[in-house]
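The values are calculated or read from the model by the stated rules, or taken from the named source; none is laboratory data. The shown structure was predicted, so the numbers you read here are calculated from the model rather than taken from an experiment. Using ideal geometry, Cβ is built from the backbone for each residue, glycine included, and neighbour counts are taken over all protein chains shown.
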Amino acid sequence: MTRLIRLFNSSKRWESVATHMLQVLLPLLLQKPSLRSKNRERVKYLNKRMEWWKHGKLEELISECEAIQKRLKRPVKTKEQSDQKAFCRQMLQGQLKKALKIVNHACDINGKHDITTDIKKKLKEKHP
């Protein structure tokens, strides 16, 4: 890092590249190999990445970090899934009012419906 800062300060030729390299250096070198990695494993990976950095093997460094990022990605829950889970949790806890708020929030219709002949017909089909 010190060498990159010195290049930035002293050389006009390296000035624009040095700051970008400095911004990329830390995340690439210090990325955890896995979520539950131990210190010994982190040190091993850091030493390996430092060697790659010194020898200019940036492709290997970036490809390893991309592979780690793919492994670490967790599936993103959709809004619908989280609403369903929240509704079930509230119902199981006996909190009907909170559960209905979740349903009403997800639906664009609030309150009670006007009773039309179509609604009466559907209700009679469901509840004879």
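Out of Val76, Val43, report the one residue that is out of contact with any strand residue (DSSP E or B) (no Cβ under 7 Å at 6 or more places or on another chain), among the β-branched types (Val, Ile, Thr) and either at pLDDT 85 or above or on the phi > 0 side of the Ramachandran plot (or both). Outline the logic, then answer.
On the way: Val76 fails: either at pLDDT 85 or above or on the phi > 0 side of the Ramachandran plot (or both).
Result of the check over Val76, Val43: Val43.
Specify which of the listed residues (Leu26, Leu35, Leu46) is free of Cβ contacts under 8 Å to residues at least 60 places away in the same chain and surrounded by 11 or more Cβ atoms within 10 Å (Cβ to Cβ).
When all the criteria are applied, what remains is Leu46.
Checking Leu61 against (1) surrounded by 13 or more Cβ atoms within 10 Å (Cβ to Cβ); (2) not assigned by TED's automatic domain parsing to the domain that holds Leu22, only one condition comes out false. Which one?
(2)
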